[in-house]
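These notes are about the structure you will find just below.
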Amino acid sequence: MKKLFLFLLIWTVSLSASERVTLQLPWMHQFQFAGYYVAKEKGYYSQEGLDVTILDADKKEASYKSVMEKKAQYGVGHSSLIVNYINGAPIVLMAAIYQSSPMVLLTRKDANINGAKDLKNKRVMLTDDMLQWAEIQAMLRSVGLSTKDLKVQSHSYDTASLARNETDAMVAYVSNEPFALKNMGIEPHTINPKEYGFDYYSDFLFTTQEEIMAHPERVEAFYNASIRGWFWAFDHIEETAALIYQHYNPQHKSLEALIYEGKVLKELALQPNKPFGSIDVNRLELIAQGYRLMGIVKSVPSFEPLIYKHNRLQLSDEEKGWLAAHPVVRVGIDHNWAPIESVDEQGRHTGISASYLHLLEKRLGIRFEVDYSRKLWSDSLRALKTKDLDMLSAAAITEQRRDQMVFSRPYAKQSMVIVTNSRVGYVNDISDLRGKKIAIVRSYASEEFLRTNYPNIIPVLTDTSLEALQKVASGEVYGCIEGLGVVSYLIERYNLKNVKVVGETPFRYDIAFAFRKDWEIMGSITDKVLASITPAEYEEIYGRWLGYQNEKPLDYRLIWGGAGFLVFLFGLIAYKNRRLDVLVRQRTAELETLNQRLQEEIEKAVENNRKQEKLLMQQAKMAEIGSMLESIAHQWRQPLNILGLSMTRLSLSSAIDRKSELGRAIEIAEAQIEYMSQTIDDFRNFFKQDRSQILVNIDALVSEVEALLGPLLSRKKIIVKRNIDPSIEVLVYPNELKQVLINLVNNAREAIEQHRGVERWIEIRCGTDERYCTIGIEDTGGGIDPSIVDKIFDPYFTTKFESQGTGIGLYMAKTIIEKHFLGKLSVYNTLKGACFEIRLNREQKKGDEAEG
């Protein structure tokens, strides 16, 4: 009896030792909150001395209200928490689980609602709480719409409403409703605010200032266990989905739906070179500016007090004891995987992983003993399995390897790309490599991927990535598959001119530290160190190894010219508004502040992309330039949209005060902002000119253009006819001529779409005589109005101001042909459309003389 009483006493004491806390979710249980379920079910919370209750909510419940009323100590909320903080709420944001919001507007693809502008006069289902879909509001306003332009419906929370044609669009999560709609046999289409420059955080883990002051250790414990749960959840999506399916599934989702949700959300949460859950003050300010300019808040305070400053590294007594017992860790490395890791000319371990190891040493007070004796990666991998090594400093996470070793959280990502000889065209799908010899490094994750998923591709094993690229260059193999960062570095480092990236595989892998199977505790310790690394430390590591200097930078005159025009525009507005009342002067000052932010964003984007431009041009000029300038476009478009919202507010003020002069200035400014926003698309398609002319086969060049544009033309049901002598060659800058052809074919496509005629074809022909090579591009787009045909090559002249173009494309094309090639670009109407004619001298002057 005494023993039973003693057992009950110990059990009761152990229960009381666990602090009971509650986490309030803003919605019903689903994968969206997976990390918290894992932390509870895997015992991470109990290991930290916490007994956590997780409450879900119906659509009328607010996690913010629950935390403020002390019904819960912790909550998960939307970006609207920023508004609550500005309005005085004593809250603290602990982590932003999703770096980009999953919220979108969902439509049916067959409804032909392609963008936000198409929503005018359409039925749209919105939730009652406008703050929860603020990014949707901002997107609508950026295209000149408001809820008054929509037929607003109460949200049914039923995707079948779209299937039954009861609505045209609804607020949805990209991780949920598109999957459900597709399962109903309907192809979904999403309109994402991120594509319009409104990239909001989502699912903040938050608490109160009182909780942090009164229970700092409890807050830190909850944070650590939750983050640990999230990493496990995203590392084991299928297992986590099964857990939710069995225990947290009030919506009765299928297991397939939960797995789909997990995969989509992982991409939104784990973004390259960003610490998981990180919150950036500058980004909070941009989001807040959007709220202010929509009239939701009146001011933007400092956000430093809003962000939780967690203890950067807190180890348990068990972990500290384990480290004391293991002061030296034997590390296996890859000698030839730069920039991830390699051995330099002095025989030292170097690269991204080496930088992380150095941080680990400083944080943990132990020594990492690098083993240089094993030259091949396959030998190091084998040594870890036999415990002759304790860890690997850089290993790709695969399912097969999980059974053999313990992984830390990932610290880098790699996209696997296809590399071939420069003469090969672009590869749209990896299955196109069937039957071809593809070089891969022995025992790399790429070997496992290829053998498992594409057995019809012939693998040729090499010892290093450089050897694989060299086999491609020599023609020994058709191509190789390797990580984009590695390929880019090696092309730059060894000046490999005759290879290029021609496509991307569907395979991406995470790179992490790998430990002996019996060293799970070291994996946990390393996770804590990686979570403690600051954004500045991340920047230092990746800036050093991925920030190449560009010896031949892009000509940014067009970008800076646009920026200068914008500066002049807002200077003019400021001058006009000085004569108005106090309210207008205040708004003008705000415009100047926002304009300064715009310039800073442009400078930052330009500088970042300047460092990477040479790298990108060497690997895939046609594919990668678009991606690089997409980054500039994203950085530029959000400040432009905020300025547009500011103009909307000024317009309202003008209407109230009846100041017509201000109204006219605002109308002009709004039109110019829209105009500048549209020029982004033209900048994204502009290519830097080559540095030397080469003899180019016109038929082959047109084939490359058709390979790039073919899928789009096919979707638009446009046929491409060709009448080209395959023997014609001309001395040109190939990429510049390619860009001109792309521009002209795209113009032809747009003309055909707008004309809506029965015949839909584009003919590309090429003929030659002793002196000239003439390329013609003819379409069935109805032709060009004779009154404007002489103006279409003028800079910024366009007939599509309100839709797609800005008139810069044809001006660029004419400049390239006539200035760089000393040729002639002209246009004339035909019976069914227009024909653009390029006349090139068969023999051109080389070098600077041709460029001038």
Total residues in region 504-533, condition open to solvent by 10 Å² or more (accessible area, probe 1.4 Å) and aliphatic (A, V, I, L, M): 2
Which numbered condition LEU381 fails, given (1) open to solvent by 20 Å² or more (accessible area, probe 1.4 Å); (2) more than 29 Å from the chain's Cα centre (by Cα): (1)
Flag for SER299 being within 22 Å of LYS42 (Cβ to Cβ), at pLDDT below 90 and of a type in the set (Gly, Ala, Ser): no
Hits in region 100-114 - residues which are open to solvent by 10 Å² or more (accessible area, probe 1.4 Å) and either more than 22 Å from ARG283 (Cβ to Cβ) or not small (Gly, Ala, Ser) (or both): MET103, ARG108, LYS109, ASP110, ALA111, ASN112, ASN114
ILE457, sole failed condition from (1) without any contact (Cβ under 8 Å) to a residue 40 or more places away in the chain; (2) open to solvent by 50 Å² or more (accessible area, probe 1.4 Å): (2)
Test: residue in region 276-298 that is of a type in the set (D, E, K, R), within 30 Å of LEU359 (Cα to Cα) and under 27 Å from the mean Cα position of the chain (by Cα): yes
Any hit, region 164-174, residues being touching a residue at least 12 places away in the same chain (Cβ under 8 Å) and part of a helix (DSSP H, G or I): no
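So that you can scan it fast, the table gives a plain yes or no per residue for (1) assigned to a helix (DSSP H, G or I); (2) closer than 22 Å to PHE31 by Cα; (3) open to solvent by less than 30 Å² (accessible area, probe 1.4 Å); (4) among the small types (Gly, Ala, Ser):
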{"site": "LYS65", "(1), (2), (3), (4)": "yes, no, no, no"}
{"site": "LYS70", "(1), (2), (3), (4)": "no, no, no, no"}
{"site": "VAL76", "(1), (2), (3), (4)": "no, yes, yes, no"}
{"site": "SER79", "(1), (2), (3), (4)": "no, yes, yes, yes"}
{"site": "TYR85", "(1), (2), (3), (4)": "yes, no, no, no"}
{"site": "ALA89", "(1), (2), (3), (4)": "no, no, yes, yes"}
{"site": "LEU93", "(1), (2), (3), (4)": "no, yes, yes, no"}
{"site": "ALA96", "(1), (2), (3), (4)": "no, yes, yes, yes"}
GLY425 open to solvent by less than 70 Å² (accessible area, probe 1.4 Å), without any contact (Cβ under 8 Å) to a residue 24 or more places away in the chain and not in a helix (DSSP H, G or I): no
Out of THR386, THR464, THR420, sole residue that is hydroxyl-bearing (Ser, Thr, Tyr) and open to solvent by less than 10 Å² (accessible area, probe 1.4 Å): THR420
Qualifying positions in region 783-832 - at pLDDT below 85, over 21 Å from GLN739 (Cα atoms) and not in a loop (DSSP other than H, G, I, E, B): none
Verdict on SER353 being crowded, with 22+ Cβ neighbours inside 10 Å and under 24 Å from the mean Cα position of the chain (by Cα): yes
Candidates GLY347, GLY332, filtered to the one that is farther than 17 Å from SER524 by Cβ and in contact (Cβ under 8 Å) with a residue 60 or more places away in the chain: GLY332
Among (1) without any contact (Cβ under 8 Å) to a residue 24 or more places away in the chain; (2) polar (S, T, N, Q); (3) under 30 Å from VAL328 (Cβ atoms) - the single one SER443 does not satisfy: (1)
Helices (runs of 4 or more DSSP H) within region 429-512 that include 3 or more residues touching a helix residue (DSSP H, G or I) at 6+ places or on another chain (Cβ under 7 Å): 465-474, 484-494
Residue within region 110-119 that is of a type in the set (Val, Ile, Thr) and more than 19 Å from THR22 (Cβ to Cβ) present: yes
In region 395-422, the residues that are farther than 30 Å from PRO275 by Cα and in a loop (DSSP other than H, G, I, E, B): SER422
Count of residues meeting criterion [open to solvent by 60 Å² or more (accessible area, probe 1.4 Å), free of Cβ contacts under 8 Å to residues at least 60 places away in the same chain and part of a strand (DSSP E or B)] in region 742-771: 1
Residues of region 709-741 classified as open to solvent by 20 Å² or more (accessible area, probe 1.4 Å) and β-branched (Val, Ile, Thr), total: 3
Verdict on LYS117 being open to solvent by 10 Å² or more (accessible area, probe 1.4 Å), touching a residue at least 12 places away in the same chain (Cβ under 8 Å), out of contact with any strand residue (DSSP E or B) (no Cβ under 9 Å at 6 or more places or on another chain) and assigned to a helix (DSSP H, G or I): yes
Residues that are among the hydrophobic types (A, V, I, L, M, F, W, C) and within 32 Å of the chain's Cα centre (by Cα), drawn from region 457-482: ILE457, LEU466, ALA468, LEU469, VAL472, ALA473, CYS480, ILE481
Some residue of region 135-142 being assigned to a loop (DSSP other than H, G, I, E, B), out of contact with any Phe, Trp or Tyr (no Cβ under 6 Å at 6 or more places or on another chain) and over 20 Å from LYS182 (Cβ atoms): no
Residue satisfying all of: in region 280-296; surrounded by fewer than 20 Cβ atoms within 10 Å (Cβ to Cβ) and among the aliphatic types (A, V, I, L, M); modelled with the lowest pLDDT among these: MET294
Qualifying residue in region 210-232 (condition: surrounded by fewer than 21 Cβ atoms within 10 Å (Cβ to Cβ) and polar (S, T, N, Q)): no
Residue in region 268-276 that is farther than 30 Å from GLY77 by Cβ and either buried (at least 21 other Cβ atoms within 10 Å of the Cβ) or of a type in the set (Ser, Thr, Tyr) (or both) present: no
Subset of region 138-170 [under 15 Å from ALA116 (Cα atoms), open to solvent by less than 50 Å² (accessible area, probe 1.4 Å) and touching a strand residue (DSSP E or B) at 6+ places or on another chain (Cβ under 6 Å)]: LEU150, ASP168, ALA169, MET170
Number of the exception - THR53 against (1) of a type in the set (Val, Ile, Thr); (2) open to solvent by less than 10 Å² (accessible area, probe 1.4 Å); (3) modelled with pLDDT of 95 or more: (2)
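The values are calculated or read from the model by the stated rules, or taken from the named source; none is laboratory data. These numbers were taken from a predicted model, which means no experiment stands behind them. Reconstructed Cβ throughout: ideal geometry from the backbone, glycine too, with neighbour counts over all protein chains shown. These accessible areas exclude ligands, DNA and RNA; they are computed on the full protein's heavy atoms, side chains included. Shrake-Rupley method; radii C 1.70, N 1.55, O 1.52, S 1.80 Å.
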